[in-house]
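Written out below as structure tokens is the structure these notes cover.
Each value in this text was obtained by applying a stated rule to the coordinates, not by laboratory testing. Owing to the predicted nature of the structure, the values given are computational and were not obtained by experimental measurement. As a convention, Cβ positions derive from the backbone with ideal geometry for all residues, glycine included, and neighbour counts pool all protein chains shown.
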Amino acid sequence: MSVGAEALDADHRALLDLVRRLDESVRAREPFEIVASLLTVATELTEAHIRREEDVLRRLNMGVDAEHAHAHQAFLTWSRRLRDDFIRTRDAGRVRSVMPVIRDWWHFHVCDQDMVDRPLFTANADRIEAILADSSLAEPILDSGPLHWPDAPAPVVGLRFAPGAV
């Protein structure tokens, strides 16, 4: 599933690890705060990755294909809606039912859409590393271990990226 640029491949691995962790969390019926936090982080990291990927394409003077940009925006809008609906309804069954959709979308995104740009990414791998050198999507922030919250109600947490940050 490599697109030929380690920074973008690392983004994809981190996001797929997060999808896996979210799936495990929902299947294990972990508390609302954990699932909501995972959905929030997944949405924010997806948004950051999309900004990074589209910035790379623009800086390589490729522009962003309209269909690809539309797919990015549609998935991001859907992800935000899913997260907001879960926070409002606490319906883990809905999240559980859409996990295949999330996994399928990521497979489609990387294996179909991003692979179209693989020759460009491979030919410009060093330049892409330089473009993204000052930003990082995330280290693999979640391993397969369970998350534990304090006894007091935990807030729904996420990551916020500075405006303009790649």
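Quick look at the values:
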quantity	calculated
Nearest-0.05 FRET efficiency for residue 108 and residue 134, computed from C-beta distance (R0 35 Å)	0.75
Using a Förster distance of 41 Å, the FRET efficiency for residue 123-residue 101 (Cβ separation, nearest 0.05)	0.80
Under the Karplus curve 6.51 cos²θ - 1.76 cosθ + 1.60, θ = phi - 60°, whole-Hz ³J(HN,Hα) for segment 78-94, x wherever Gly or Pro sits	4, 4, 4, 4, 4, 4, 5, 5, 5, 5, 6, 9, 6, 8, 5, x, 5
Pairwise FRET efficiency - residue 2 versus residue 91, Cβ, R0 = 45 Å, nearest 0.05	0.80
Charge tally in the Cβ shell below 10 Å around residue 12, where Lys, Arg are +1 and Asp, Glu are -1, residue 12 excluded	-4
Ranking of 43, 89, 122 by count of other Cβ atoms within 10 Å, fewest first	89, 122, 43
Residue order, fewest to most surrounding Cβ atoms within 10 angstrom, among 91, 85	91, 85
Sorted by Cβ neighbour density within 10 Å, fewest at the top, the residues 77, 46	77, 46
Size of electric dipole in segment 6-131: Cβ of Lys, Arg +1 and of Asp, Glu -1, about Cα centre, debye, nearest 20	520 debye
Spin-label proximity, residue 65 to segment 90-121 - amide N less than 20 Å from point 7 Å beyond Cα toward beta carbon	104-121
